Amino acid sequence: MSKKSCLNCGHKIFDEFCPHCGQKSDTARITPHSLMTSDILGSIWHIEARFFRTVKHILLGPGKMAMDYISGKRIKYYNLFSLLLILFGFNVLALHFYLDLASIDINKENSNVIGFFSKYSKASLLGLIPVMALNAWALFKRVELNLAEHIIIATVGLCGILVILLLDDAISIIGLYHPLLKLTNIIDKILVFSLILFPAFTYFNAFKSSYSGFGLIWRIAVHSLLMLIEVILIILIFYKIF
């Protein structure tokens, strides 16, 4: 078998990638064609494919994806914390876009409430990560995950919540076109229901093979109740402070 040296680190390579630094072995001279197809379009497609693949796995199998990520199967997924920040950004933009388009007649008191949720509701959701992680760490002892690993599961859960919120913002914007209002109201109710159940779905999907049906259900129920109480407290604290 022929071997050649990596142009980046000089190590001998036999396959598609250098085993020492990870650079591709077929690095060639940059041409206008290769710049456009491989460097620019290839990079964009690679990022977008991983991004949407990760979002799909989060929505359809969040718990399984989180457990795969924890076990080391990470190359096919977008970085979770980068994804979290991107989804936060999209949500903030979508909410402001909706508020700009919707000519809502509000009094001063309601204006303060809407202003608070416009500025801090998405940011206060960050408080869900330690809340979900600590609750799960206390309730799901059998899986023997440490707190950092529970934070990964909570981050996946929050990413799913943010995707659903983003879809709901998009539906709310479409609902400003009044002929579609009834349809968007139905979709909105489905999304809100999905939003409420998503954390429970995440933990069910993650731990269904580790507990009996009853053992899993009561733990998820307690986890959801604790999270509801803690979320209300977080929002009240944010509202009082800001």
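One table, with the values for the structure above:
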{"item": "Those residues of segment 143-180 whose amide nitrogen sits under 18 Å from the label point placed on ALA102, 7 Å along Cα→Cβ", "result": "162-180"}
{"item": "Label-to-label distance, nm, for residues given as LEU180 and ASN79 (7 Å Cα→Cβ offset)", "result": "3.5 nm"}
{"item": "Ranking of LYS208, LYS240 by count of other Cβ atoms within 10 Å, fewest first", "result": "LYS240, LYS208"}
{"item": "Using θ = phi - 60° and Karplus 6.51 cos²θ - 1.76 cosθ + 1.60, couplings along segment 169-184 (whole Hz; Gly, Pro as x)", "result": "4, 5, 5, 5, 5, 4, x, 5, 7, 4, x, 9, 4, 4, 5, 5"}
{"item": "At R0 = 22 Å, FRET efficiency that the Cβ-Cβ distance of LEU147 and ILE232 yields, to 0.05", "result": "0.40"}
{"item": "Cβ-derived FRET efficiency at R0 22 Å, SER209 paired with ALA49, nearest 0.05", "result": "0.15"}
{"item": "³J(HN,Hα) computed for each position of segment 185-192 - Karplus, 6.51 cos²θ - 1.76 cosθ + 1.60, integer Hz, glycine/proline x", "result": "5, 5, 4, 4, 5, 5, 5, 5"}
{"item": "Packing rank of 49-60, 156-167, where each peptide gets the mean count of other beta carbons within 10 Å, highest leading", "result": "156-167, 49-60"}
{"item": "Cα-Cα over 21 Å, subset of LYS64/LYS141; LYS76/LYS208; LYS64/LYS208; LYS141/LYS208", "result": "LYS76/LYS208"}
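Read the figures in this text as sums done on the coordinates, not as results from a lab. Note that the structure is a prediction, hence the values are computed from the model and not measured. So basically every Cβ, Gly included, is an ideal-geometry build from the backbone, and we count neighbours across all protein chains shown.
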